[in-house]
1. Looking at the calculated P(r) for region 1-82, what percent of the C-alpha pair distances fall above 14 Å?
2. Of the cross-linked pairs Lys197/Lys309; Lys13/Lys126; Lys281/Lys309; Lys197/Lys220; Lys220/Lys281; Lys187/Lys281, which ones have a Cα-Cα span greater than 21 Å in the structure shown?
3. Which whole-Hz couplings ³J(HN,Hα) result when phi for each residue of region 125-139 is put into the Karplus expression 6.51 cos²θ - 1.76 cosθ + 1.60, θ = phi - 60°, listed in order with x for Gly and Pro?
4. Between region 65-100 and region 240-293, what is the separation of their alpha carbon centroids in Å?
5. Using the eigenvalues of the Cα gyration tensor, what equivalent ellipsoid semi-axes result for region 207-301 when each is taken as the square root of five times the eigenvalue, whole Å, largest first?
6. For the charge dipole of region 9-310, defined by +1 on Lys and Arg C-beta atoms and -1 on Asp and Glu C-beta atoms about the Cα centroid, which residue among Gln248, Leu76, Ser11 has the Cα displaced farthest towards the positive pole?
7. For region 22-30, just list the computed ³J(HN,Hα) in residue order, Karplus coefficients 6.51, -1.76 and 1.60, θ = phi - 60°, integers in Hz, with x standing in for Gly and Pro.
8. Hey, what's the Kirkwood Rh for region 258-313 if you take every pair of different alpha carbons, in angstrom?
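Read-outs throughout are calculated quantities, based only on the coordinates presented, and are distinct from any laboratory measurement. Keep in mind that what you see is a predicted model, and the values were worked out from it rather than measured. Cβ placement follows ideal geometry from the backbone for every residue including glycine, while neighbour counts extend to all protein chains displayed.
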Amino acid sequence: MKTHRSIIERSEKNPILTRKDVPYPVATVHNAGIVKHNDRYIMLFRSHLLNGRSIIGRADSEDGFSFTVHAKPFLLPSTDNAFAEYEAFGVEDLRICPVDGEYLLTYSAYSRHGVRIALARTRDFKTVERIALITQADFRNVVIFPEKFGGRYVRLDRPHSELSPWSVWISYSPDLVHWGDSRVIMKPVAYHWDEMKIGPGAPPFKTDRGWLHIYHGVFKTMSGTVYRLGAALHDLDDPAKIIGVSDQWILAPEDPWEVNGYVPNVVFTCGTVPEDDGTVKIYWGGADTVMCAGTAHIDDLVQLCLTKKRPPM
Ligand code: BMA
């Protein structure tokens, strides 16, 4: 019996991509960035190699649900001096941020120094140019807004400290290399589904009412943590201003491949594709093991942020 319509309708093809689809040996396929480029969906997914470290692969699709994986990985840890030191333990959770006719790629760079964020760019997904390491350690999950504000790039990021665990901050840059004017704009809420930590998910996209940001939130239970997805709406002119954050989550682990896997009870997004018909395709890793997709009406998500709010902080 269906009691109410889900906000996100899961694809019947889920999981849409698994390690069996990958022509080189990997343990997982998850946490993929995605974009529609020249009418094709391009997915840059994370895979654990059999040594436990991660690389980024590429898969393409005509319809956004059936993907074919490229023979070779898309991005491996750098061997270039400036980056190699910080990517030695792998590259993870890449986001594709379309800005000014190019794609900015942000990803977690792991090394013995911790985790920090690296930024690269591509125009055609054939050549990739690394730009800079744009955070210090203990940062993950950076997404860059599709437009500049006052001539500056704007990103959401997620520093962590014991006193203020895993919250969403905003930072600005004139040149993609130097970032500053940072301040916190959204925090976990006590005894709420996202009370343990929150972090940027997919790069925000524009709606009539604001920038819609799909983020992840974590709750700690007696048998481990649960990763779910939520929605926040940012002001169109000033993205530091949050208009509303949905009180309820929009996606929780339910399917067997979300509940069980490499890390149980995880749905984790790095990308969405807003379509011209008012829907948005949302992509998420299930249990850090497979890729899944679903569709939502953009209006439904916006309304949740406007009418059933939790305080941003
Ligand atoms: C986070 C990151 C994500 C992962 C999630 C659930 O801390 O490591 O890449 O999907 O945990 O394991």
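1. On the way: 2204 of 3321 pairs.
It works out to 66 percent of all Cα pairs.
2. Details: Lys197/Lys309 18 Å; Lys13/Lys126 28 Å; Lys281/Lys309 23 Å; Lys197/Lys220 9 Å; Lys220/Lys281 28 Å; Lys187/Lys281 26 Å.
Violating the 21 Å limit, Cα to Cα: Lys13/Lys126; Lys281/Lys309; Lys220/Lys281; Lys187/Lys281.
3. Result, ordered by residue: 6, 9, 10, 10, 10, 6, 9, 6, 8, 10, 9, 7, 6, 6, 10 Hz.
4. 21
5. The equivalent ellipsoid of region 207-301 has semi-axes of 26, 16, 9 Å.
6. With unit charges placed on the Cβ atoms, the residue in question is Leu76.
7. Here the 3J(HN,Hα) series is 9, x, 10, x, 9, 9, 9, 9, 7 Hz.
8. Numbers: mean 1/r = 0.0784 Å⁻¹.
Final number for the Kirkwood radius of region 258-313 is 12.8 Å.
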